1. Can you name the residue in segment A:52-83 that is of a type outside the set (A, V, I, L, M, F, W, C) and touching a Lys or Arg at 6+ places or on another chain (Cβ under 6 Å) and, of all such residues, is nearest to A:Thr186 (Cα to Cα)?
2. Residues to consider are A:Ile294, A:Ile249, A:Ile280; find the one that is at pLDDT 80 or above, touching a Ser or Thr at 6+ places or on another chain (Cβ under 8 Å) and away from ligand 2 (no atom under 16 Å from the Cβ).
3. Could you tell me which numbered condition A:Glu175 fails, if it satisfies all but one of (1) exposed (fewer than 15 other Cβ atoms within 10 Å of the Cβ); (2) touching a strand residue (DSSP E or B) at 6+ places or on another chain (Cβ under 7 Å); (3) not small (Gly, Ala, Ser)?
4. What tally of residues in segment B:248-274 results from selecting those that are at pLDDT below 90 and either among the aliphatic types (A, V, I, L, M) or within 30 Å of B:Val62 (Cα to Cα) (or both)?
5. Under 30 Å from B:Leu87 (Cβ atoms) and touching a residue at least 40 places away in the same chain (Cβ under 8 Å): does that describe B:Ser228?
6. In this structure, does A:Leu14 turn out to be surrounded by 15 or more Cβ atoms within 10 Å (Cβ to Cβ) and either within 12 Å of ligand 1 (Cβ to nearest atom) or touching a residue at least 12 places away in the same chain (Cβ under 8 Å) (or both)?
7. Report whether or not B:Ser115 is at pLDDT 85 or above, in a helix (DSSP H, G or I) and touching a helix residue (DSSP H, G or I) at 6+ places or on another chain (Cβ under 7 Å).
8. B:Gly147 versus (1) out of contact with any Phe, Trp or Tyr (no Cβ under 6 Å at 6 or more places or on another chain); (2) assigned to a helix (DSSP H, G or I); (3) more than 25 Å from B:Phe34 (Cβ to Cβ): which is the lone unmet condition?
Amino acid sequence: MNQIQIQNLSKDYLDVKALKKININIAKGSLFGILGPNGAGKTTLLRTIATLISPDEGTIKINNIDVMKEPRKIRELIGYVAQEIALDKILTGRELLDFQADLYHIDQSNKLERIELLINQLDMQNWIDRKCGTYSGGMKRRIDLAAGLLHLPKVLILDEPTVGLDIESRNIIWELLNDLKKDGMTIILSSHYLDEIDKLADTVVIINDGKIIDQGKPTELKNKFGGDRIILKVREFSDSLESEKVKKILEKIDGISQIVINASQGYSLNFIADRDKDLITKLKVELAFSKFKIFSLSQSQPSLDDVYLQATGKTLQDAELYMTGKRDLKKESKQSMR
Amino acid sequence: MEIQQYNFIFLYQETTALTKRLFIQLKRRPSTFFAGILQPIIWLFLFGALFANAPKDFLPGVDSYGNFLGAGLIVFTAFSGALNSGLPLMFDREFGFLNRLLVAPLASRLSIVLSSFFYITILSFVQSLAIMFISFLLGYGFPDLYGLGVVFATLILLVLFVTSISLCLAFVLPGHIELIALIFVVNLPLLFASTALAPISFMPTWLGWFASFNPLTFAIEPIRIAYSSNFNLDLIALNAPYGDLTCRDCISLLFLLTILSLVIIRPLLNKKLT
Ligand SMILES: Nc1ncnc2c1ncn2[C@@H]1O[C@H](COP(=O)(O)OP(=O)(O)OP(=O)(O)O)[C@@H](O)[C@H]1O
Ligand SMILES: [Mg+2]
């Protein structure tokens, strides 16, 4: 059952087409990942869902309520945690939560209970009564997340919640997200960390330059890529002659493709093996038959980066560098002020 | 019906929260508050000294320049406070804190404006009282209860008028630098071009005309009269070039300006806040 339906969504800034006819469906209780390099349009998409930007075209519905037509009802349903954390330096964390609770009309008796609960869940006891101005990046993220969760939103929207975080904060946030999902909350999370999306997301959409490149379950996307990545060594330091021989053997096995000899790694053999067939066993038999031993064999699944690379011809990192060069950040911050 | 009642409770809750935040900020950063009291007091002291030896009948109706100046300084304090009221909002815009308010299901975004009104009104009341009290200690008198009522009624009108303009500017101008620049340019000249420091009879014709259209003048004159012992709304407060104005006239004009400004800024705030 789809809780969120996004249809034909487009948004232009003066000279940039930030979103181009985006179509997305998000199931209730799932964690939906949005993956894309800098400037892909992730924030624009999330801000549109959060009623902060009105699109030029298209519709968004949450629980069948139109985001543009009834923004206030939508605001009750969603919790939005922005990419840029904006806290009031002078308030303590607890005061900020109290403030936020009043903006969401949480009644007095529930308020303190909710605040206490979140303080515990996000492990903030030690510093919650300090002023926000003294918080580290990880603390800021956590308090901001707590603020977004106070009113128990049906849909939680997180814009790159773990960028630049220490491992501890990141783990706490990941754990909490998993718990929330178990409780049936729908979570939309943007990221440009592949491992994060891979680990957390039920469904992922890869966007680039305002367009959807691919979407589906992470495993589906990776399966589409075909096969596992395998690195094989027959000796710790092999040589060209030997590895050529092994390559000949591999070439005869059906289901193995794209064999490359990597001279810089002791003439290891890199290739892709179809997953359905039991190729590894076959491989071992063939090698033993030709009197080759296996020094090491590592098998890894293709990453989302591979998927990304295949779809765009660029690695995520390259795309990032390219987009970063194109943006005029000053101009953007001016225009995104309301 | 029930929904409306809820809306009202919600409006109350969010407005209180927004106002409370402003007061916490004030409590932890009180320097501008005290400066706002200190500055007029210094002026009172300096200007009082400057004109200490002026001829006795230099100003009609008052027995010293300090006596004359008090009303102007009270109004100036409230005016400066209100003029600056857009700044916190501007910073919220710039730092993205406003987004926190805009994604919240506020009963009405008017609460953002209301909270600023409350805050500045209370602030300027406290500051004015402090100034009135100190000038009382300096021997410049104190209005009676009726007079005090007039002082505060006048101040509320002025504060509403100026705050609404300042909040509007906070949405229209590109950033706090521009807002501060504008405040800088407007603040003192408007004071000097009012009857705060000198009566219209001292001014060249052009300035007299200007001063008698200056909203600050409409606020200053009733307050000045409120200090006299036999206060009455029908006393002549201002000898404007276009005719005499009573206290009642001045306050009515101020009231009109306030309503007008609220009507004019409403569409703009609506646009910026939906
Ligand atoms: N206010 C703005 N004015 C003009 N252009 C903008 C504005 N905001 C974003 N853009 C442009 O729209 C495109 C998408 O930006 P967006 O912020 O949505 O990307 P993003 O995927 O969130 O990037 P990041 O990973 O850096 O946060 C970019 O090309 C950006 O330059
Ligand atoms: Mg972004």
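The values are calculated or read from the model by the stated rules, or taken from the named source; none is laboratory data. Being a predicted model, the structure only gives us computed values, none of them experimental. Cβ placement follows ideal geometry from the backbone for every residue including glycine, while neighbour counts extend to all protein chains displayed.
1. Going residue by residue through segment A:52-83, those that are of a type outside the set (A, V, I, L, M, F, W, C) are A:54-59, A:61, A:63-64, A:66, A:69-73, A:75-76, A:79-80, A:83.
If we keep only those that are touching a Lys or Arg at 6+ places or on another chain (Cβ under 6 Å) as well, we get A:55-56.
Working: A:Pro55: 22, A:Asp56: 26 Å.
Checking each candidate, the answer is A:Pro55.
2. The conditions single out A:Ile249.
3. Among (1) exposed (fewer than 15 other Cβ atoms within 10 Å of the Cβ); (2) touching a strand residue (DSSP E or B) at 6+ places or on another chain (Cβ under 7 Å); (3) not small (Gly, Ala, Ser), the lone unmet condition for A:Glu175 is (2).
4. The total comes to 7.
5. No.
6. no
7. Details: at pLDDT 85 or above: yes; in a helix (DSSP H, G or I): yes; touching a helix residue (DSSP H, G or I) at 6+ places or on another chain (Cβ under 7 Å): yes.
Spelling it out, B:Ser115 is indeed at pLDDT 85 or above, in a helix (DSSP H, G or I) and touching a helix residue (DSSP H, G or I) at 6+ places or on another chain (Cβ under 7 Å).
8. Only one criterion is unmet by B:Gly147, namely (1).
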